[in-house]
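Colleague: Sharing a structure here in structure tokens format.
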Amino acid sequence: AVLLLAAGAAPASVVINEVMYNAPDDLDDVQFIELHNAGAKARPLAGWKLAGGIAHAFPAEAVLPAGGYLVVCKDAKAFRRTYGFDAAGAFTGSLDSRKDTIRLLDKGGK
């Protein structure tokens with residue numbers, strides 16, 4: 001099981017919506033994390049990070065539209081081959097199927 005920690009001060013409208021840590025056929029390269037913006041306004045993600053067992057820094061131009069979803073994966077080419085669409089970026093590291101921690105940190109590190 002993957003342990004998800006809520007980011008206390010991050011805007012509540014942006015959440016970790018889905019985590020694929022145990023991909024079909026043990027294809028670890030297609031692991032992904034999906035974010036969702038449940039808010040009514042677009043949320044700039046410049047300076048935001050995913051941390052824990054994996055690492056990803058969102059680029060300055062990253063914006064999650066109101067009601068939108070964004071996927072960050074382990075291997076962009078393997079993700080595209082398997083799921084048929086492009087992820088917004090790739091993370092380093094790997095999600096452990098036994099235990100892991102994922103943190104969504106805003107630009108202030110909260």
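Colleague: Of everything in the range 32-65 that's touching a residue at least 40 places away in the same chain (Cβ under 8 Å) and of a type in the set (Gly, Ala, Ser), which residue is farthest from residue 102 (Cα to Cα)?
Modeller: Keep residues of the range 32-65 that are touching a residue at least 40 places away in the same chain (Cβ under 8 Å), which gives 32-33, 35, 46-54, 64.
Those still in the list that are of a type in the set (Gly, Ala, Ser) too: 46-47, 51-53.
Working: 46: 18, 47: 17, 51: 6, 52: 5, 53: 6 Å.
The residue in question is 46.
Colleague: Taking the range 78-93 only, how many residues are surrounded by 13 or more Cβ atoms within 10 Å (Cβ to Cβ) and out of contact with any helix residue (DSSP H, G or I) (no Cβ under 6 Å at 6 or more places or on another chain)? Please lay out each step first, then the result.
Modeller: Here is the first cut: in the range 78-93, the residues surrounded by 13 or more Cβ atoms within 10 Å (Cβ to Cβ) are 78-80, 82-83, 87-91, 93.
Retained after the next criterion (residues that are out of contact with any helix residue (DSSP H, G or I) (no Cβ under 6 Å at 6 or more places or on another chain)): 80, 83, 88-89, 91, 93.
Summing the residues that are surrounded by 13 or more Cβ atoms within 10 Å (Cβ to Cβ) and out of contact with any helix residue (DSSP H, G or I) (no Cβ under 6 Å at 6 or more places or on another chain) in the range 78-93 gives 6.
Colleague: Here are some residues: 49, 74. Which one is among the basic types (Lys, Arg) and in contact with a helix residue (DSSP H, G or I) (Cβ under 6 Å, 6 or more places away or on another chain)? Spell out the reasoning first.
Modeller: Numbers: 49 fails: in contact with a helix residue (DSSP H, G or I) (Cβ under 6 Å, 6 or more places away or on another chain).
Testing whether each residue is among the basic types (Lys, Arg) and in contact with a helix residue (DSSP H, G or I) (Cβ under 6 Å, 6 or more places away or on another chain) leaves just 74.
Colleague: Would you check if residue 70 is open to solvent by less than 30 Å² (accessible area, probe 1.4 Å), touching a strand residue (DSSP E or B) at 6+ places or on another chain (Cβ under 9 Å) and assigned to a loop (DSSP other than H, G, I, E, B)?
Modeller: Values: open to solvent by less than 30 Å² (accessible area, probe 1.4 Å): yes; touching a strand residue (DSSP E or B) at 6+ places or on another chain (Cβ under 9 Å): yes; assigned to a loop (DSSP other than H, G, I, E, B): no.
No; evaluated as a whole, the condition is false for this residue.
Colleague: Separate question: For the range 73-100, enumerate the residues that are touching a strand residue (DSSP E or B) at 6+ places or on another chain (Cβ under 8 Å), of a type in the set (A, V, I, L, M) and not in a loop (DSSP other than H, G, I, E, B).
Modeller: Within the range 73-100, 76, 90 qualify.
The values are calculated or read from the model by the stated rules, or taken from the named source; none is laboratory data. Please read these numbers as outputs of a predicted model, since none were measured by experiment. Glycine gets a Cβ as well: all are built from the backbone with ideal geometry, and neighbour counts include every protein chain shown. To get the accessible areas, we keep the full protein, side chains included, count just its heavy atoms, and leave off ligands, DNA and RNA. Shrake-Rupley method; radii C 1.70, N 1.55, O 1.52, S 1.80 Å.
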